[in-house]
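The values are calculated or read from the model by the stated rules, or taken from the named source; none is laboratory data. Nothing here was measured: the structure is a model prediction, and the numbers come from that model. Positions of Cβ are generated from backbone atoms using ideal geometry, with glycine treated the same way; all protein chains shown enter the neighbour counts. Protein only, heavy atoms only, side chains kept; ligands, DNA and RNA dropped before computing areas. Shrake-Rupley method; radii C 1.70, N 1.55, O 1.52, S 1.80 Å.
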Amino acid sequence: CTAGAAPAPGAPGAPNGQQQQQQAPPAGPAEQVLQRFLLPVGECSFTLESALEDLRKDPWPVPNDKRVARATGAALSVATSLLHLAIPRRGARVMLFTGGPCTSGPGAIVSRSKDEDMRSHADLAKKSRNSPSTSMRILR
């Protein structure tokens, strides 16, 4: 080091414009998942609005005697798991926009066949066994 030379970038005493950003330590698996799927609203609002505007009717045909397959329970489980990783032990909000009942996976309230009627709040109040999707654990 010679007298009168400017300090190296990032060295103590270097001007602010020459200071280098310190690199963060490598992220663990949980942090990598979060960085891949979660962003602050300001960084993803345009992409989210574009995705919502581009939504179209599902191109896969559904027979008239069947309901659309919806795994709403699984989707909510994934969303809550991501939130638990992102902000453990804190309040958060998941917004669900759906066009019908959950028909497959956890949370299914009716089968895909339209032969089976969907249970209603009256069935639950009467503790009716109207629907095979009704769990007796919930009714007790």
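Values computed for the structure shown
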{"item": "Residue in region 51-73 that is open to solvent by 90 Å² or more (accessible area, probe 1.4 Å), farther than 29 Å from residue 118 by Cα, at pLDDT 85 or above and assigned to a loop (DSSP other than H, G, I, E, B) present", "result": "yes"}
{"item": "Residue in region 117-126 that is open to solvent by less than 90 Å² (accessible area, probe 1.4 Å), in a loop (DSSP other than H, G, I, E, B) and at pLDDT 85 or above present", "result": "no"}
{"item": "From 78, 94, residue being out of contact with any Pro (no Cβ under 7 Å at 6 or more places or on another chain) and touching a residue at least 12 places away in the same chain (Cβ under 8 Å)", "result": "94"}
